[in-house]
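A short write-up of the structure that comes next.
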Amino acid sequence: MTFDAYRIPEEHEAIRAAVRDLCVDKVAPNAAATDEKGEFPQASFDALRAGDFHAPHIPTEYGGAGADALATAIVIEEVARACAASSLIPAVNKLGTMPLLLAGSAQLKRRYLPPVARGDAMFSYCLSEPEAGSDAAAMRTRAVRDGDGYVLDGVKRWITNAGVSEYYTVFATTDPSAGSRGISAFVVEKSDPGVGFGALEKKLGIKGSPTREVYFDGVRLPADRMIGAPGEGFRTAMRTLDHTRVTIAAQAVGIAQGALDLALEYVTQREQFGKTVATFQGIQFMLADMGMKLAAARQLTYAAAAKSERDEADLRYFGAAAKCFASDAAMQITTDAVQLLGGYGYTSDFPAERMMRDAKITQIYEGTNQIQRVVMARHLLHG
Ligand code: COS
């Protein structure tokens, strides 16, 4: 009797090998420059698009690659191993389109998913506001019913790929008296009159991925741009994050793997006291801890991805746990990689410091790790 349970299927490993090859050749070489210049990694986007890895989760019926949640996580992980900023291309395309996939009408999906699948458009997600970060339900952006449509006014902040993306899922309150039950979701196009963008945020890491404010000044939206029913927007936003926190976990795993690979290469070449530093037990213990944390983070991430694919009841808990654990692990592993490279690790001649800066955001976005702990504790206490 053969035992084949609890193993990544061969087809998923084949996807990993294909993305890894592509990233080594065509994404990693751009990573330092995209970070240094703070410019969108167009060459990496073009390479990912050519390989159909720019939005792999889009179902085949809309012209996508139809990758399941585990395959999508593996794609994001492998891109992040080479360049964290570039991994936000598949990750944010999933984040932006997930509300449509979960709650959108057939007509909205048919209209907006094929351009993303083809790589003609990207899709961003607009939830956070200047005064509504962790407390997402406190948003002030308003959509007021007007004739046969809505008029949208407000400001969204920290919007990944803003300005580059063609489409935006925007959450706005349609009934301020109803709190989180008065929030609705809409598709907004970059070209809709009244849509504007702020200056690029000057960030610590993921510098190649543009982050801007998005402004809505009297934007008229036809009623059929609403995703799901009025008042269901907050629930859709939260269900989306349950799925996409898994992709941030995958991104963190990829960044950490890149840092461990780099550290291993360095310590087996660097000589001090007449031998490679890898022969010292103090170094070996650090490597062992890095590898152990990474393995645990990857297993939790893949388990959460499987739950995402099956939309299991405890996905909320597993998505939060994977994102929290993997991002904390990535922060520790990248910091240790900088330490293992010594003075060289502290310079931009080596990518360790970039990886450390990039890892930091994974502890913050798609819900801070404090919020992930709130989500986990609520699940443990109340089911
Ligand atoms: N799936 C489905 N529904 C959910 C849900 C989920 N994961 N989480 C909450 N809801 C529902 C609740 O069931 C509740 O519905 P009812 O009003 O019908 O009872 C409603 O949403 C409000 O839920 P809750 O009272 O738990 O909301 P809170 O205001 O306490 O907020 C947290 C909950 C803190 C978890 C939420 O605001 C959050 O995740 N904040 C972080 C936001 C974030 O990740 N921002 C990053 C943006 S992307 S970079």
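The values are calculated or read from the model by the stated rules, or taken from the named source; none is laboratory data. Predicted model only: the values in this text are computed from it and were never measured. Don't worry about glycine lacking a Cβ; one is built from the backbone with ideal geometry, like all the others, and counts go over all protein chains shown.
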Practice problem: Please name all residue pairs, on different chains or six or more residues apart, with Cβ atoms under 7 Å, provided the first residue is in the range 97-114 and is touching a residue at least 60 places away in the same chain (Cβ under 8 Å) and the second residue is basic (K, R). | Solution: L100/K109; L102/R239
Quiz item: Looking at D224, is it in contact (Cβ under 8 Å) with a residue 12 or more places away in the chain and touching a Ser or Thr at 6+ places or on another chain (Cβ under 8 Å)?
Solution: yes
Quiz prompt | Unmet requirement for F216, which otherwise passes all of (1) crowded, with 24+ Cβ neighbours inside 10 Å; (2) in a helix (DSSP H, G or I) | solution = (2)
Quiz item: In the range 167-202, what residues are under 18 Å from S124 (Cα atoms), among the polar types (S, T, N, Q) and surrounded by 24 or more Cβ atoms within 10 Å (Cβ to Cβ)?
Solution: T169
Practice problem: State yes or no: is S191 out of contact with any Pro (no Cβ under 7 Å at 6 or more places or on another chain), over 24 Å from A229 (Cβ atoms), of a type in the set (S, T, N, Q) and away from the ligand (no atom under 15 Å from the Cβ)? | Solution: yes
Quiz prompt | When residues of the range 1-45 are limited to those that are free of Cβ contacts under 8 Å to residues at least 24 places away in the same chain and of a type in the set (G, A, S), the one surrounded by the most Cβ atoms within 10 Å (Cβ to Cβ) | solution = A43
Quiz item: Looking at the range 150-161, which of the residues that are over 25 Å from K202 (Cα atoms) and surrounded by fewer than 20 Cβ atoms within 10 Å (Cβ to Cβ) is nearest to the ligand (Cβ to nearest atom)?
Solution: D153
Quiz item: Would you call A303 part of a helix (DSSP H, G or I) and touching a residue at least 40 places away in the same chain (Cβ under 8 Å)?
Solution: no
Self-check item: Boolean, G119 is of a type in the set (G, A, S), closer than 18 Å to G64 by Cβ and away from the ligand (no atom under 16 Å from the Cβ)
Solution: yes
Quiz item: Under the condition of being buried (at least 19 other Cβ atoms within 10 Å of the Cβ) and among the polar types (S, T, N, Q), which residue from the range 344-383 is nearest to S86 (Cα to Cα)?
Solution: T362
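Just the residues that are of a type outside the set (S, T, N, Q) and out of contact with any helix residue (DSSP H, G or I) (no Cβ under 7 Å at 6 or more places or on another chain), please, taken from the range 43-62. Even if it seems obvious, please write down each step before you answer.
The initial filter retains those residues of the range 43-62 that are of a type outside the set (S, T, N, Q), namely 43, 45-59, 61-62.
Across the range 43-62, the qualifying residues are D46, R49, A50, D52, P59, E61.
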Practice problem: Taking E78 as meeting all but one of (1) within 16 Å of the ligand (Cβ to nearest atom); (2) within 30 Å of R20 (Cβ to Cβ), write down the number of the exception. | Solution: (1)
Practice problem: Take the range 123-149 and flag every residue that is surrounded by 15 or more Cβ atoms within 10 Å (Cβ to Cβ) and away from the ligand (no atom under 16 Å from the Cβ). | Solution: R142, A143, G149
Exercise. Could you run through the range 95-122 and say how many residues are buried (at least 20 other Cβ atoms within 10 Å of the Cβ) and not hydrophobic (A, V, I, L, M, F, W, C)?
Key: 5
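Quick grid of which residues meet (1) among the polar types (S, T, N, Q); (2) assigned by TED's automatic domain parsing to the domain that holds R310; (3) in a helix (DSSP H, G or I); (4) closer than 24 Å to K323 by Cβ:
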| residue | (1), (2), (3), (4) |
| --- | --- |
| A14 | no, no, yes, no |
| V19 | no, no, yes, yes |
| A33 | no, no, yes, no |
| S44 | yes, no, yes, yes |
| H54 | no, no, no, yes |
| A65 | no, no, no, yes |
| A73 | no, no, yes, yes |
Quiz item: Taking the stated definitions as given, is R181 within 16 Å of the ligand (Cβ to nearest atom), in a helix (DSSP H, G or I) and basic (K, R)?
Solution: yes
Quiz item: Considering K293, K307, which residue is surrounded by 13 or more Cβ atoms within 10 Å (Cβ to Cβ), assigned by TED's automatic domain parsing to the domain that holds V246 and within 16 Å of the ligand (Cβ to nearest atom)?
Solution: K307
Quiz item: Only one of these conditions is not met by V164: (1) away from the ligand (no atom under 13 Å from the Cβ); (2) buried (at least 22 other Cβ atoms within 10 Å of the Cβ); (3) farther than 21 Å from A223 by Cα. Which number is it?
Solution: (2)
Self-check item: Selection from the range 161-201 of residues that are among the charged types (D, E, K, R) and in contact (Cβ under 8 Å) with a residue 24 or more places away in the chain
Solution: E166, D175, R181, K190, D192, E201
Quiz prompt | Subset tally (residues that are within 16 Å of the ligand (Cβ to nearest atom) and aliphatic (A, V, I, L, M)) for the range 194-204 | solution = 1
